[in-house]
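Scroll down for the structure; my scribbles are underneath it.
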Amino acid sequence: MALTLGTIVCVDDQAEVRRLLGDVFRARGGNVVGFDDGEDAIAWLARNEADLVVLDLDLGPGRRSGIEICRAIHASRAELPIIILTGHGAIDDAVAAVKAGAVDFITKDPYLEDKLEISVEKVERILQHALDRKRLEDENRELRATNERLRKAAGRRWAIVGDSPLMQNVLSKIEKVAPVPRPVLVLGPRGTGKELDARAIHTLSPRASEPFITINCAAVAESLLESELFGHEEGAFTGATKQKEGKFELADGGTLFLDEIGNMSMDFQAKILRVLEYQRFERVAGSESIQVNVRVIAATNADLKKAIAEGKFRADLYDRLAFETITLPSLSSRMQDVPVLAVYFLGRFRQEVAGINVKEISAGALDRLAQYDYPGNVRELKNVVERAVYMAQSEVLSGADIDGALPPEAQGAPADGQAFTDDPRLALPDRVDAFEAWLCRDALERTRFKQKEAAQLLGMTYDQFRQRYRKYGLGKD
């Protein structure tokens, strides 16, 4: 569905061109304000809001050029997208337009109406980008204004941050099962916060004042796991110089979190099942039966039902653990939570690390964060935000800062014609190259990939065009 355009300011000294622009944009729901002089447009913009400016390069003798008007508008309204119209597609003009702050460059000729029809989708994408950035800026201002409230709320809700329906469902399950003295199974991909959820259940339960003990079953060798969980007597094995209490004893009265439960052998799973059923066990090399009162919360990123079918996990242990099952969603399935998570992680990092200069996150940075799918989920997002904050030089985190912190596989090339609409802090030579490449490709498409005609359209020699054709790899895809 095409975007409903907002207010478009059209500046051209030719009445017929202004009329044509008005017809094209009004047909798409835009409110068009026309001027024949750039100075009048500047004065109007000082008092009114607009969403887009379409500006002729040559505004007539004795008047400032479109480039100068563009530069003046951009100086006071850097967020406002400006499109330059020109009677010829010279590379020098295009470069000057980009330097002045323009986001697009359209050649004006007797077929301008047709070319505008072709280009209007691109214009709408540019405007949509600008509107999205404005929305993100508004959201970011709101996030900054409520950052302290969010931190306090996160503290009250155990630092589980997220407003998406998926996370609200998780929180609802946590609150409901927490008071019930039964095991809970927490499932989900790596990095989704399974231990955080286990701590939340413990904190909300009547056991909150008792110990919360954790063990990663995958990080302990099978030969040592029994000693770690049940303890051992002095002399039980080489190196056992004194009696040791295991995790079950340490968690007596409280909660034991068994992370990566799917990594246990079948034999050891039988021992865990016995403890869950009878709340009794013996230390390694011990004869005394020890009674405990422990609530177990288990977690894994493995597919336990598949493991059961393959004979690698006990069905009866699964049934015992899964009094309630909480499945944590991947971050890619709740991307609407990325902004609030990013602001939360910034606040936490500032509290934990002295000398952090970054105080806020720009809309461009939030936009860039939302373009990656985070296979490492919330943990990876936290690492990306902290790396970006650590390396940033400014008090405002930018999209370029995020790019520097994202992994190489996230550094995708921008779509044709979009590089010059991204973060204005990108290096100018890169923006100019991207715009020049787009101009050349646009000329090729208009001439059905006839290089000589494309060179003529751009006012270049064939050799000049061939040089850029090879530089930017403009062969047909």
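The values are calculated or read from the model by the stated rules, or taken from the named source; none is laboratory data. Fair warning: this is a prediction, and the values are worked out from it, not measured in the lab. Neighbour counts are summed over all protein chains in view; Cβ atoms, including those assigned to glycine, are modelled from backbone coordinates with ideal geometry.
Within segment 9-40, the residues that satisfy the criterion of being under 18 Å from Thr86 (Cα atoms) and at pLDDT 90 or above are Val9, Cys10, Val11, Asp12, Gly34, Phe35, Asp36, Asp37, Gly38.
Do you know which of the residues in segment 229-247 that are in contact with a Lys or Arg (Cβ under 6 Å, 6 or more places away or on another chain) and of a type in the set (Asp, Glu) is nearest to Leu276 (Cα to Cα)? That would be Glu233. Of all residues in segment 11-55, exactly one satisfies the criterion of being aliphatic (A, V, I, L, M), touching a Lys or Arg at 6+ places or on another chain (Cβ under 7 Å) and within 18 Å of Ala102 (Cα to Cα), namely Leu45.
Assessment of segment 220-231 against the conditions (in contact with a helix residue (DSSP H, G or I) (Cβ under 9 Å, 6 or more places away or on another chain), assigned to a strand (DSSP E or B) and either buried (at least 19 other Cβ atoms within 10 Å of the Cβ) or modelled with pLDDT under 90 (or both)) yields no matching residue. Among residues of segment 237-253 that are assigned by TED's automatic domain parsing to the domain that holds Arg283 and in a loop (DSSP other than H, G, I, E, B), those with a beta-carbon under 9 Å from a residue that is modelled with pLDDT of 95 or more and surrounded by fewer than 12 Cβ atoms within 10 Å (Cβ to Cβ) at least six positions away or on a different chain give the pairs Asp252/Gln291.
Considering segment 52-114, the qualifying strands (runs of 3 or more DSSP E), each wholly inside and each with 3 or more residues that are modelled with pLDDT of 80 or more and over 23 Å from Ala437 (Cβ atoms), run over 52-56. Picking from residues in segment 442-458 that are surrounded by fewer than 19 Cβ atoms within 10 Å (Cβ to Cβ) and within 18 Å of Asp104 (Cβ to Cβ), the one that is nearest to the chain's Cα centre (by Cα) is Glu445.
Sub-7 Å Cβ pairs linking a first residue in segment 45-64 that is without any contact (Cβ under 8 Å) to a residue 60 or more places away in the chain to a second residue that is of a type in the set (D, E, K, R), at least 6 apart or interchain, are Leu45/Arg77; Asp56/Asp12; Asp56/Asp13; Leu57/Asp93; Leu59/Asp13; Leu59/Asp37; Gly60/Asp13; Arg63/Asp37, ordered by first then second residue. Scanning segment 314-367 for residues that are among the basic types (Lys, Arg), more than 15 Å from Val389 (Cα to Cα) and assigned to a helix (DSSP H, G or I) turns up Arg320, Arg334. Of the residues making up segment 356-366, those that are crowded, with 20+ Cβ neighbours inside 10 Å and among the charged types (D, E, K, R) number 0. Of the conditions (1) farther than 14 Å from Leu321 by Cβ; (2) within 41 Å of the chain's Cα centre (by Cα); (3) not acidic (Asp, Glu), Thr238 satisfies every one except a single condition; which number is it? Going through (1) farther than 14 Å from Leu321 by Cβ; (2) within 41 Å of the chain's Cα centre (by Cα); (3) not acidic (Asp, Glu) one by one, Thr238 breaks only (2).
Asp40: in a loop (DSSP other than H, G, I, E, B) and surrounded by fewer than 20 Cβ atoms within 10 Å (Cβ to Cβ), yes or no? Considered against the rule, which asks whether it is in a loop (DSSP other than H, G, I, E, B) and surrounded by fewer than 20 Cβ atoms within 10 Å (Cβ to Cβ), Asp40 comes out as no. Candidates in segment 387-410 are the residues that are among the acidic types (Asp, Glu) and closer than 22 Å to Ser333 by Cα; of these, the one that is surrounded by the most Cβ atoms within 10 Å (Cβ to Cβ) is Asp403.
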